[in-house]
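A.B. asks: Input: one structure, supplied below.
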Amino acid sequence: MRTYKRREEANNQDPYRLTELPKDKPCAVYYRQSGEAQVGNISTTLQTVDMVEHLVRLGWAQESIIMIDMDAGVSGTKKMEERPGMSQVMTLIENQQIGLVAAQDVDRFFRDVTQIEPNIFIDVCRRNNVLVLTPTMIFDFAHPLQGRFHMQMFREHAQRAADYLEYHVRGRLVKSRHWRSERGMWAGRKIAPGYMVDNRKTLPNGERNPSYRYYVPFEPFAQCIRAYFKLFQEYNGSQEYTWTHIQEQGPFFPEFSEDMLPDGFIFRMHVTHRSKQTGKLCPSRGGLRFILTNVAYLGHWIHQEAIVEWDNHEPLVEHDLFMFAYNALSKTDFYGEPNPEYAPFRDRRRQPKETRDEPYPTYAGLMFSDDIQGLPHRRLAAIWYTWGKGYAYQLYVPSGRSNVWNIKAKLVDPVIDEMLLARLQSTVVDEALWQAAISNTHQGNFEDIRRLENEIRQEKQAQDNIIATLGKLTNEEMIHRAQAQYEAAARRIEMLKAQVELLHSDKNRQRTLTTARPALERIAANWDLIPRAEKRNIFQEFAEYIKVTRLSRHEKEICVQWRDGSTSSQVVTRYNWHGHYWNKADIEQLCQMMDANMHQVDILRAFPGYTFRTLLGRYAIHGTADRKYSHYQGERPYGVRTRWEDTEEYRLEQQNPTQYEETSQTLVFSASIDRLK
């Protein structure tokens with residue numbers, strides 16, 4: 001049986017008429033520069049300001065022109081999905097939101113040697129009837145007569161752009177630059193601080209300059225470089241101490257001016273870091289390490305990470321001084337092999353306690369953990385971290401791995417203070433709890449005293465047995481051993497008696513505790529003013545010990561064992577807004593919200609403190625197969641550098657939480673709910 005279809009309408013467009021510009025629809029201006037160094041040059045003005053003015057002259061309103069400038073510093077050889085700006089252009093075309101896309105030239109769109117990306121772009125523009133405009137040509141790929149001709153012209157322009165990059169830039173310009181660099185000559189890259197480049201082809205007497213394009217010491221900066229190496233040696237190879245000294249006391253790089261540079265020489269200032277204390281120029285932490293390991297200061301020349309010319313120019317630093325710094329920082333030698341002389345700095349000095357900014361942990365010696373298999377109830381050590389500038393509770397194994405885990409004391413002590421205060425307030429108010437606390441303390445002390453007295457009786461019995469057998473011994477060595485056992489038993493008896501006396505003093509404290517209820521009430525009312533040592537004493541009256549359990553990399557459970565047998569627990573979280581401490585549940589929640597294209601505000605609210613760029617990066621790593629965050633297509637009223645605390649919704653929520661909660665249900669969350677449906 002034959003199947004019929006509706007007759008196609010005839011195309012009434014005159015194939016010989018010029019294409020009319022779609023001025024009734026918005027248009028997009030695509031801007032791209034290959035490198036960050038090119039951003040802001042004359043090409044930037046041509047691609048942005050001049051192109052917009054050209055479209056206005058053609059008849060578009062200013063508000064109808066969409067500027068897409070996210071590909072500043074992005075190569076045209078990349079695929080369209082790898083370029084945020086080009087991805088947005090394709091989205092606008094596919095959604096038929098624009099009628100024309102403009103650029104300064106075809107090479108702004110593509111430099112693809114394979115010509116795959118230009119053909120995909122042509123097909124998308126043809127299917128959606130979108131024109132492509134340059135200052136010299138209007139490409140209409142959907143034109144009934146000239147469409148194929150325009151396609152061919154666009155492909156030829158894109159091919160020439162790719163060939164220029166392949167044969168002229170890489171084949172000639174880059175090759176000539178490498179030729180110079182391989183021979184120890186400066187080829188236009190950054191100049192190491194402390195040097196300038198001799199750009200004089202001839203000397204004043206007319207002879208050829210042998211130092212043309214070679215490094216020459218630039219003394220205003222060279223003096224600082226030499227001082228940095230000497231400081232590093234004075235601090236015995238400590239980069240941190242050296243850098244701290246430079247930040248606080250210098251020497252600092254001078255502020256460069258053209259008057260400092262001799263005629264015929266080139267110097268490029270690329271040091272931008274400034275000391276937070278003085279505001280003067282100095283190397284950053286990473287920049288100082290680069291300086292101390294840069295063989296250019298020894299006179300050698302590097303090309304593509306390899307030394308190609310030895311003793312190429314005048315060195316700035318003595319050989320022994322440079323090798324001291326190099327061997328302290330570099331694990332490899334000049335040939336990339338393991339450095340046999342590598343001797344990194346080891347800080348064995350302890351910071352004096354009186355100079356430490358953080359007080360000693362309140363509950364040191366009272367914290368235990370069962371996280372080590374075979375070593376239950378392991379006491380945590382209170383240690384000082386030199387680099388962390390603070391105290392921490394550390395779980396360690398004496399033999400083998402020293403550090404199992406640690407947690408900062410400034411995170412734990414306030415939590416225990418809060419639990420102790422809550423316990424103190426409830427105990428002094430409730431008469432039953434108060435009597436139970438006193439009786440539990442008394443019962444615990446009575447059992448300990450009885451146990452110690454039994455041990456004392458056993459030791460005395462052992463002494464009596466030794467005396468009884470001593471008269472029967474004739475061997476001199478055995479007599480000496482018996483005497484040693486008798487003396488050891490005597491020492492243990494003295495130690496046990498001291499513990500009994502201490503517990504008796506605790507009984508006196510119990511009687512004092514019975515009459516101290518009004519004082520404890522005043523302590524609870526003025527808790528913030530109580531010294532740390534007094535808080536520790538109060539804790540020992542009410543609690544036995546603290547148990548810490550590791551839940552995850554950044555979460556520890558703090559459990560206080562009270563003397564009445566009850567416990568209080570709280571989880572301490574170690575926050576880091578750089579995204580290093582994500583657990584599995586956080587990642588799953590983020591991926592679900594991103595996959596559902598939920599509103600940007602919803603996602604920022606769920607992960608406060610993080611920028612949206614950080615969240616997109618985390619989603620790209622854990623939630624996508626190709627590690628591209630362009631899969632998220634939710635509504636984004638804010639930029640990628642926005643945190644939840646920077647949004648207008650957060651400000652409104654802080655001003656009036658109740659009112660904002662009601663309005664947010666209809667304004668923000670409605671978009672997310674629609675997407676989930």
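A.B. asks: Checking the conditions here, which among PHE154, PHE141, PHE110, PHE121 is of a type outside the set (Lys, Arg), in contact (Cβ under 8 Å) with a residue 12 or more places away in the chain and in contact with a Cys (Cβ under 6 Å, 6 or more places away or on another chain)?
C.D. replies: After applying the criteria, what remains is PHE141.
A.B. asks: A further question on this structure: Go over the candidates VAL74, VAL101, VAL89 one by one and state the one that is in a loop (DSSP other than H, G, I, E, B), buried (at least 16 other Cβ atoms within 10 Å of the Cβ) and either modelled with pLDDT under 90 or not polar (S, T, N, Q) (or both).
C.D. replies: VAL74
A.B. asks: Would you call ARG170 in a helix (DSSP H, G or I) and modelled with pLDDT under 85?
C.D. replies: Criteria met by ARG170.
A.B. asks: Sticking with this structure for a sec: Return the pair list, or none, for Cβ contacts closer than 7 Å from residues in the stretch 565-587 that are over 19 Å from ARG423 (Cα atoms) and modelled with pLDDT of 85 or more to residues that are assigned to a loop (DSSP other than H, G, I, E, B) and of a type in the set (A, V, I, L, M, F, W, C), at least 6 apart or on different chains.
C.D. replies: So the pair list comes out empty.
A.B. asks: Another question, then. Sort through ARG550, ARG643 and tell me the only one that's more than 30 Å from ALA524 (Cα to Cα), charged (D, E, K, R) and assigned by TED's automatic domain parsing to the domain that holds ALA524.
C.D. replies: Numbers: ARG643 fails: assigned by TED's automatic domain parsing to the domain that holds ALA524.
Only one candidate passes the filter, namely ARG550.
A.B. asks: Here's something else I'd like to know. Looking for something crowded, with 20+ Cβ neighbours inside 10 Å and either assigned by TED's automatic domain parsing to the domain that holds THR242 or closer than 27 Å to ARG183 by Cα (or both) - is there at least one such residue anywhere in the stretch 299-308?
C.D. replies: The answer is yes, given that some residue of the stretch 299-308 is crowded, with 20+ Cβ neighbours inside 10 Å and either assigned by TED's automatic domain parsing to the domain that holds THR242 or closer than 27 Å to ARG183 by Cα (or both).
A.B. asks: Now for a different question. Determine, yes or no, whether ALA192 is touching a helix residue (DSSP H, G or I) at 6+ places or on another chain (Cβ under 7 Å), under 25 Å from LYS23 (Cα atoms) and among the hydrophobic types (A, V, I, L, M, F, W, C). Steps first, please.
C.D. replies: Details: touching a helix residue (DSSP H, G or I) at 6+ places or on another chain (Cβ under 7 Å): yes; under 25 Å from LYS23 (Cα atoms): no; among the hydrophobic types (A, V, I, L, M, F, W, C): yes.
Taking the combined requirement at face value, the residue does not satisfy it.
A.B. asks: Still on this structure, please answer the following. Which of the residues belonging to the stretch 104-137 are closer than 18 Å to ILE65 by Cβ and surrounded by fewer than 16 Cβ atoms within 10 Å (Cβ to Cβ)?
C.D. replies: Across the stretch 104-137, the qualifying residue is only PRO135.
Table: residues versus (1) over 26 Å from the mean Cα position of the chain (by Cα); (2) without any contact (Cβ under 8 Å) to a residue 40 or more places away in the chain.
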residue	(1), (2)
ARG378	yes, yes
ILE383	no, yes
LYS389	no, yes
LEU395	no, no
PRO398	yes, yes
ASN403	no, yes
ALA409	no, no
PRO414	yes, yes
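A.B. asks: Please indicate, with yes or no, whether at least one residue in the stretch 346-358 is farther than 30 Å from GLU541 by Cα, surrounded by 15 or more Cβ atoms within 10 Å (Cβ to Cβ), outside the structural domain of GLU541 (by TED's automatic domain parsing) and out of contact with any strand residue (DSSP E or B) (no Cβ under 9 Å at 6 or more places or on another chain).
C.D. replies: Among the residues of the stretch 346-358, not one is farther than 30 Å from GLU541 by Cα, surrounded by 15 or more Cβ atoms within 10 Å (Cβ to Cβ), outside the structural domain of GLU541 (by TED's automatic domain parsing) and out of contact with any strand residue (DSSP E or B) (no Cβ under 9 Å at 6 or more places or on another chain), which makes the answer no.
The values are calculated or read from the model by the stated rules, or taken from the named source; none is laboratory data. Computed from a predicted model, the values in this text were never measured in an experiment. Don't worry about glycine lacking a Cβ; one is built from the backbone with ideal geometry, like all the others, and counts go over all protein chains shown.
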